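Engineer: Once you've had a glance at the structure underneath, I'll fire off some questions.
The values are calculated or read from the model by the stated rules, or taken from the named source; none is laboratory data. Everything quoted here is computed from the prediction, not taken from an experiment. Positions of Cβ are generated from backbone atoms using ideal geometry, with glycine treated the same way; all protein chains shown enter the neighbour counts. Heads up: the accessible areas ignore ligands, DNA and RNA and are worked out on the full protein's heavy atoms, side chains in. Shrake-Rupley method; radii C 1.70, N 1.55, O 1.52, S 1.80 Å.
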Amino acid sequence: MYDRTKALMARGAEFLGSEWAILCGAMSWVSERNLVSAISNAGGFGVIACGAMTPELLDGEIAGTKALTSKPFGVNLITMHPQLFDLIGVCAKHGVGHVVLAGGIPPKGSVEAIKESGAKVICFAPTLALGKKLLRSGADALVIEGMEAGGHIGPVSTSVLAQEILPELAADNLVFVAGGIGRGEAMAGYLEMGACGAQLGTRFACASESIAHPDFKKAFFRASARDAVASVQVDPRLPVIPVRALKNKGTEEFTAKQIEVAKLLDAGGIDMGEAQLQIEHFWAGALRRAVIDGDVENGSIMAGQSVGMVTKEEPVTDIIAALLTECEAALAQRRAA
Ligand SMILES: Cc1cc2nc3c(=O)[nH]c(=O)nc-3n(C[C@H](O)[C@H](O)[C@H](O)COP(=O)(O)O)c2cc1C
């Protein structure tokens, strides 16, 4: 079944050790043991979102996930986490096979430390030049993620990144495509361009197995693509990595927070490092409020533009089956034409 898809995903699936080269991108608070194990059990590749977890919490989450699946899964670590190397140690202790480094260029020694444990390293490549550099520094695979995605985003769309990066790198390297993929037809297009697999977040966030609050899920089901907007930078001195989330009171409050922090900077009350930390912390707390507490007014409902294609709660197996069916049909149609 799904022979054409299987053939185009073969390299990616072999690398991940999964049946299908479909990653569920790590989503802070959402990608915990239940969703991650469900994805891996369904033949995809689940990734635990470490986010701001302490090494102890990550230790428990990996153990909990292992109790629910014997299939491979990965762990996503944020490069600016102050205990990054301890977290790498926790992954090594558990024999985690794949570590995804997110949130910026990996700090010196981190890629080496992961590889020493025998794990594979997956990095996000924001540009072709950085992608090449990451591969030279030891990254085993790349994810290119366009600005259609939910969560923290770069400035370039998936389709442009794919055109710039896949023809150059995908034949000799493993490149997964993420951002705005809601259906299998889009997956088929990127696979045909040389991608070895796809990463989706938004499409999986409201799966039956996701522990996200029912009100968080309802907000997804009601939303259309244009409701998933990128946050704006208010002060030129305070760079903000845009976050794509559903418009609500929280997104307005984020703008107000930036103004407040900028004023504190003006007054000399805080330094630049502290200012940036305060802005980053605002989102960390806000995402938890939306996902766990169901506060969809004040929390941050991170979602990609594909949110309009998320219309109901479905088991992970159904979502993956739909993606594969759509992908296979698209590939077959093109072959027949
Ligand atoms: C609610 C939410 C939380 C996310 N949290 C993280 C995170 O903690 N780390 C990360 O690397 N990516 C995070 N992402 C991005 C996803 O891993 C994934 O790459 C992205 O959702 C793919 O694009 P899509 O949303 O268009 O499918 C998050 C996305 C969402 C929707």
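Engineer: Counting only Cα atoms, I'd like the Rg/Rh figure for the range 120-223, Kirkwood definition for Rh.
Structural biologist: Taking Rg over the Kirkwood Rh, I get 1.02.
Engineer: Quick one: pull the percent of accessible area on the chain belonging to carbon and sulfur, 1.4 Å probe, ligands and nucleic acids left out.
Structural biologist: Ligands and nucleic acids excluded, carbon and sulfur reach 56 percent.
Engineer: With θ set to phi - 60° and the Karplus curve 6.51 cos²θ - 1.76 cosθ + 1.60, what are the ³J(HN,Hα) couplings of the range 309-324 in order, to the nearest whole Hz, using x for Gly and Pro?
Structural biologist: Once rounded to whole Hz, the list reads 8, 9, 10, 7, 6, 9, x, 3, 4, 5, 5, 5, 4, 5, 4, 5.
Engineer: Further question: For the chain, what is the percent of antiparallel DSSP beta bridges, rounded to the nearest 5? Show your work: numbers first, answer last.
Structural biologist: Numbers: 6 of 33 bridges.
So the antiparallel bridges amount to about 20 percent of the total.
Engineer: Per residue, what volume in Å³ does the Cα convex hull of the chain take up? It would help to have the intermediate numbers written out before the result.
Structural biologist: Values: hull volume 43.0 nm³, N = 337.
Taking only Cα atoms, the chain has a hull volume of 127 Å³ per residue.
Engineer: Roughly how big is the chain's charge dipole about its Cα centre, with Cβ charges of +1 (Lys, Arg) and -1 (Asp, Glu), in debye to the nearest 20?
Structural biologist: Details: 30 positive and 37 negative charges, 100 e Å.
About 480 debye.
Engineer: Out of residues 5 or more away from residue 100 or on other chains, whose amide H comes under 5 Å of its own, with H placed 1.01 Å from N in the peptide plane?
Structural biologist: The answer is 75, 76, 77, 122.
Engineer: Starting at the first residue of the range 74-84, write each ³J(HN,Hα) from the Karplus equation 6.51 cos²θ - 1.76 cosθ + 1.60 with θ = phi - 60°, in whole Hz, x for Gly and Pro.
Structural biologist: Taking θ as phi minus 60°, the curve returns x, 10, 9, 10, 8, 4, 8, 4, x, 10, 3 Hz for the range 74-84.
Engineer: Just to check I understand the Karplus step: with θ = phi - 60° and J = 6.51 cos²θ - 1.76 cosθ + 1.60, what whole-Hz values come out for the range 262-279, glycine and proline as x?
Structural biologist: 4, 5, 4, 4, 4, 7, x, x, 9, 9, 4, x, 5, 4, 5, 4, 4, 5
Engineer: Okay, next question. Among 160, 26, 46, which residue has its Cα positioned farthest towards the positive end of the charge dipole of the chain, with +1 placed on the Cβ of Lys and Arg, -1 on the Cβ of Asp and Glu, and the dipole taken about the Cα centre?
Structural biologist: Result: 160.
Engineer: Okay, moving on. Amide H neighbours of residue 151 under 5 Å, at least 5 residues apart or on other chains, H built in the peptide plane: list them.
Structural biologist: Here the answer is 244, 303, since their amide H atoms fall under 5 Å of that of residue 151.
Engineer: Could you give the length gained by full extension between residue 10 and residue 318, i.e. 0.36 nm per residue of separation minus their alpha carbon distance, to one decimal place? Let's see the in-between values first.
Structural biologist: Details: separation 308, 0.36 × 308 = 110.88 nm, distance 2.12 nm.
Separation in residues times 0.36 nm, less the Cα-Cα distance, equals 108.8 nm.
Engineer: Can you figure out the FRET efficiency of residue 332 with residue 292, using R₀ = 45 Å and their beta-carbon distance, to the nearest 0.05? Don't skip to the answer; put the middle values down first.
Structural biologist: Numbers: r = 42 Å, r/R0 = 0.93.
Calculated value: 0.60.
Engineer: When the convex hull of the Cα atoms of the range 162-218 is projected onto a plane and the area is averaged over all directions, what value comes out in nm²?
Structural biologist: Values: hull surface 18.4 nm².
Value for the range 162-218: 4.6 nm².
Engineer: With the crude spin-label approximation of a point 7 Å out along Cα→Cβ, what separation in nm comes out for residue 163 versus residue 226?
Structural biologist: 2.5
Engineer: Quick one: grab Rg to one decimal and Dmax as a whole number for the range 206-337, Cα atoms only, in Å.
Structural biologist: 18.9, 67
Engineer: Something else: In nm, to one decimal, how far is the residue 270 label point from the residue 70 one, both placed 7 Å along Cα→Cβ?
Structural biologist: 5.0
Engineer: Can you tell me the accessible area per residue over the chain, all protein chains present, probe 1.4 angstrom, in square angstrom?
Structural biologist: Details: 14300 Å² over 337 residues.
Using a 1.4 Å probe on heavy atoms only, each residue of the chain averages 42 Å².
Engineer: Just want the answer: with Cβ charges of +1 for Lys and Arg and -1 for Asp and Glu, which residue in 85, 13, 178 is farthest toward the dipole's positive end in the chain?
Structural biologist: 13
Engineer: For each pair in 71/93; 93/115; 71/133; 249/312; 217/247; 66/132, compute the distance between the two Cα atoms and list the pairs where it is over 22 Å.
Structural biologist: Values: 71/93 17 Å; 93/115 13 Å; 71/133 31 Å; 249/312 24 Å; 217/247 15 Å; 66/132 33 Å.
Cα-Cα > 22 Å for 71/133; 249/312; 66/132; rest within.
Engineer: Count the net charge of all other residues whose Cβ sits under 12 Å from the Cβ of residue 170, scoring Lys and Arg as +1 and Asp and Glu as -1. It would help to have the intermediate numbers written out before the result.
Structural biologist: Working: positive: 11; negative: 164, 168, 172, 192.
Computed value for this residue: -3.
Engineer: Which value in Å does the Kirkwood hydrodynamic radius of the range 282-337 take, with 1/r averaged over all unlike C-alpha pairs and then inverted? Walk me through the numbers before you get to the answer.
Structural biologist: On the way: mean 1/r = 0.0714 Å⁻¹.
After inverting the mean inverse Cα-Cα distance, the result is 14.0 Å.
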